[in-house]
Structures are given as C-alpha cells and as structure tokens.
1. Please label the shape of segment 7-73 as rounded, prolate or oblate, based on the square roots a ≥ b ≥ c of the eigenvalues of the alpha-carbon gyration tensor (a/c under 1.5 means rounded; beyond that, a/b larger than b/c means prolate, else oblate).
2. Segment 1-69 to segment 150-193: how many Å between their Cα centroids?
3. Report the extension gain between Leu115 and Asp34 in nm, rounded to one decimal, defined as 0.36 nm multiplied by the number of residues separating them, less their alpha carbon distance.
4. For Leu62 and Glu153, FRET efficiency with R0 = 25 Å and r from the beta-carbon atoms, rounded to 0.05?
5. Explain nothing, just the number: relative contact order of segment 104-193, from Cα pairs under 8 Å at least 6 residues apart, as a whole percent.
6. At 0.36 nm per residue, and after removing the present C-alpha to C-alpha distance, how many nm does the segment from Cys165 to Asp188 gain when stretched out fully?
Amino acid sequence: MSLPSLRCTAFADQSRIASGELRHVALKAKQAHDRGHRVQVFEDASGRSVELPLALPEAELLRWLAEPRSARAGGARAPRGPGRPRLGVIAREVTLLPQHWDWLAVQPGGASVALRRLVEQARVAAAGERRGAAREATWRFLQAMARELPGCEAAGRALFAGDFCAFHEHIQRWPEDIREHAAVLAADAFTAA
C-alpha cells in the first residue's frame, strides 16, 4: 500500500496549511519547511504524526510517497489472496460452517432473528470503537500540537469523559486552526451509539 492518497492535515507552526490527500499535503508541507517553519503532518483518521523527508527535492519526495511502505521499511510481504478458498469461502457471499447453521437453528426466533440481533450488537460495539478511536486520535493531536496551550489537560479529561460542552469550553482560547482541527477529530468521540 502506498501513502499518497492517505487523508492528512499539515500545520506550519500553529497554522493549518493543508488538508487532503498526503501527496497534496506533503507538497504544501515541503514549501513551509523550505521557508523555515516547524511543520507537522497528521493522519486524519488516527491523529498520528506522519514523518516525511521534507529535505528532499519535490520530485524525490513524490517518488518517496509513491513507494509502497514495505519497500521503504526494507522488507516485502507476499500479497494475500482473497477469501479462504480451502474453506470454500467466496467473496461477497455470506458463508457459515455447519456448526454455525446448527447453532442458528436452535436460536429463539430462528436464524434471521439471531443474525439481526448479532448484527445489531456488532453495530453498537463498532460505534463504541469509533468513539474510542476518535478520542485516541484527538488526544494524539492534542499532545503534539496543544500540550503547552491553556486548558489542554482539562480538554483531555473532558474528551475522555465524553463531556462535549467542557471540551469545547477548554479549547476556545486556542489558535483557530488547532481548535478547529481538534473539534473535527473529536466529533465522533461525542456521538451516541
């Protein structure tokens, strides 16, 4: 997998300079870096910092971005084939083993009711995972960009407590771009299941 289409946001000092696909963001980050700014790039989904070789010329930076991660890491993994052919699994088809069908057959309401109940439980669990992932991504960003800003620790406590109002109150005095990006990252942290 190569990185150029990864969704990211770049900051030069405390100002957001670009958001979008990494190939676009990297070029803006390079320009700011060349002008002497302290540049940080973050993955939008995880809040993790993206390390870029901004000292490279633009053409080499773009080539570096186009390389698969495994090539940059020095190792290559063999690609995995789709599905599980030995078990007879075909892509986009729901398949169950005989013991699964046996279990479904004895469930109250039958297989359809049991499957709907399982899907609903998984959907609720996934919403909880999204909230947790949003909290973690926001906290990573806060630690990198807002650690020294007033109210950062209190904003973090409000974030993990699920207190939307307190979180927004604590970030109000921050530079606009940092405040707005933190709010965007935290949006899923405050959603209901």
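The numbers here are math on the coordinates, done by the rules we state, and not lab data. This structure is a prediction, so every number in the text was calculated from the model and none was measured. Every residue, glycine as well, gets a Cβ built from its backbone with ideal geometry; the counts of neighbours run over all protein chains shown.
1. oblate
2. Here the two parts' Cα centres lie 24 Å apart.
3. Additional length available on full extension: 23.5 nm.
4. My answer for the efficiency is 0.05.
5. 34
6. Going from the current span to full extension adds 6.9 nm.
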